[in-house]
Amino acid sequence: QVQLVESGGGLVQPGGSLRLSCAASGSIFSINAIGWYRQAPGEKRDLVAIIYSGGRTNYLDSVKGRFTIPRDNAKNTVYLQMNGRKPDDTAVYYCYVVYGAQSSWGQGTQVTVSS
């Protein structure tokens, strides 16, 4: 199994930057993809960004050009670098991993964009 621990959420002003971290442990050699979802109150959970084992990435259209998903293989950690934050980015952000035929979720971290 793969376990995920997230960190880095909080309050940020519009236009500001914030970086989330997701550290993976366990059977990390079997990871096919790892990424970030978010869920605002009353909304469904949406994929924000994902990076595949070969390095290919996908982004939600509304975050393209503002968010990136760098990874540090030495630390088994993937990040969500969020720049140019907007109030619509307010949500609980979840790390998500696919390994083999299984998947796991992180515990979620709240990100609030407000002045």
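Some observations on this one:
- Identity of the residue in segment 98-115, in contact with a Phe, Trp or Tyr (Cβ under 7 Å, 6 or more places away or on another chain) and either free of Cβ contacts under 8 Å to residues at least 24 places away in the same chain or open to solvent by 60 Å² or more (accessible area, probe 1.4 Å) (or both), that ends up nearest to Ala49 (Cα to Cα): Trp105
- In this structure, Val78 does not satisfy being part of a strand (DSSP E or B) and within 17 Å of Gly10 (Cβ to Cβ).
- Residue count for segment 81-115 satisfying the condition of being under 10 Å from the mean Cα position of the chain (by Cα), among the hydroxyl-bearing types (Ser, Thr, Tyr) and not in a strand (DSSP E or B): 0.
- Residue match in segment 27-45 (condition: under 16 Å from Val63 (Cβ atoms) and touching a Gly at 6+ places or on another chain (Cβ under 7 Å)): no
- Only one of Val92, Val113 that is over 19 Å from Val2 (Cβ atoms) and at pLDDT 95 or above: Val92
- Restricting segment 18-45 to residues that are assigned to a loop (DSSP other than H, G, I, E, B) and under 15 Å from the mean Cα position of the chain (by Cα), the residue that is surrounded by the fewest Cβ atoms within 10 Å (Cβ to Cβ): Ala40
- For segment 53-69, a residue qualifies if it is within 17 Å of Ser30 (Cα to Cα), open to solvent by 70 Å² or more (accessible area, probe 1.4 Å) and of a type outside the set (S, T, N, Q), and the qualifying residues are Gly54, Arg56.
- Number of the condition not met by Gly15 [criteria: (1) within 17 Å of Val2 (Cβ to Cβ); (2) open to solvent by 50 Å² or more (accessible area, probe 1.4 Å)]: (1)
- Some residue of segment 85-97 being under 14 Å from Ala23 (Cβ atoms), open to solvent by less than 20 Å² (accessible area, probe 1.4 Å) and touching a Cys at 6+ places or on another chain (Cβ under 6 Å): yes
- Residues considered: Val48, Val2, Val63. Of these, the only one that is under 22 Å from Ser103 (Cα atoms), among the aliphatic types (A, V, I, L, M) and within 15 Å of the chain's Cα centre (by Cα) is Val48.
The values are calculated or read from the model by the stated rules, or taken from the named source; none is laboratory data. Note that this is a predicted model, so its numbers are computed, not measured. When we count neighbours, we look across all protein chains shown, and the Cβ atoms used for this are built from the backbone with ideal geometry, even at glycine. Note: accessible area is taken over every heavy atom of the protein model, side chains too, but ligands, DNA and RNA are not part of it. Shrake-Rupley method; radii C 1.70, N 1.55, O 1.52, S 1.80 Å.
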